[in-house]
1. For the range 1-118, what proportion of DSSP beta bridges, expressed in % and rounded to the nearest 5, is antiparallel?
2. Return the loop-located GluC sites (Glu not before Pro) in the range 45-108 (DSSP other than H, G, I, E, B) with at most 14 other Cβ atoms within 10 Å of their own Cβ; answer none if there are none.
3. When the chain is treated as a GNM, springs tying every alpha-carbon pair under 10 Å, which of S173, S162, S124 comes out with the largest mean-square fluctuation?
4. Considering Cα pairs under 8 angstrom that are at least six residues apart, work out the relative contact order of the chain and quote it in whole percent.
5. Starting from the Cα of Q4, step 7 Å along the direction of its Cβ; do the same at H92; then give the gap between the two resulting points in nm.
6. Rounded to the nearest whole Å², what accessible area per residue is found for the range 102-206 with the 1.4 Å probe?
7. Tell me the net charge near E188. Cut-off is 10 Å between Cβ atoms, E188 excluded, with +1 for each Lys or Arg and -1 for each Asp or Glu.
8. Using amide H atoms built in the peptide plane, which far-off residues or other-chain residues are under 5 Å from I127 H to H?
Amino acid sequence: MRPQPDFIHEFVPGKSERTLLLLHGTGGNERDLLPLGKELDPSASLLSPRGKVLENGMPRFFRRLAEGVFDLEDLQKRTQELGDFVISATKHYEIDNQQIFAVGYSNGANIAASMLLLRPEVLSAAILFRAMVPRIPKTKPNLNSKWIWIGAGSHDPIVPASNTKELVGLLRSAGADVTIRFFQSGHELTSDDVDLAREWLTRLQY
Ligand code: MLT
């Protein structure tokens, strides 16, 4: 039986116990981040779902009302659904549920941040490229022993630096170990992001 609830997804088995949960940006799909996953950790398994929400035909992981303005009810529902999918996929593919590392870009980074706040047990670590505060949780989760790396663009027209800093503060105040790097770029992902994220991941002894 396939993982329930199901998402259209790719699964690429790896040689190590680690699995990268790849979460694409708006308009992406389940194949987009596979090369990035391989570049970040060639030995990890890759689990890459496609977001179920369509915005003018473009897949996303949750609805938004405008750029940077999120439908919070939908975000909550979709975060739970994605968390359930990941748990069920760990059983289906027989992968270690204590070594799931999210790698998200833009909309994918935002649902990964939402998962850290709402379903922290699903993820051990996260690499968030161009993330923003998805929601302010009513009760703060316990993020002790979670490692998070955030790559931000200092000229990002979608995510202001103040928002990234707010996200860092929120995650740190919940106990997470957060590394933040600003790049001379906009919302796009740069090779410097990938190089530094890979270095961080390689050094991470989990
Ligand atoms: C979002 O909607 O998650 C953010 O605005 C980033 C984007 O996907 O454009």
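1. 55 percent
2. Those satisfying the criteria are E67, E94.
3. S162
4. Dividing the mean separation by the residue count of the chain yields 18 percent.
5. 1.2 nm
6. On a per-residue basis, 41 Å².
7. -1
8. A102, V103, G104, W149
The values are calculated or read from the model by the stated rules, or taken from the named source; none is laboratory data. Being a predicted model, the structure only gives us computed values, none of them experimental. Methodologically, a virtual Cβ is constructed for each residue, glycine included, from the backbone with ideal geometry; neighbour enumeration extends over all protein chains shown. Please note that ligands, DNA and RNA were not included when accessible areas were found on the heavy atoms of the full protein model with its side chains. Shrake-Rupley method; radii C 1.70, N 1.55, O 1.52, S 1.80 Å.
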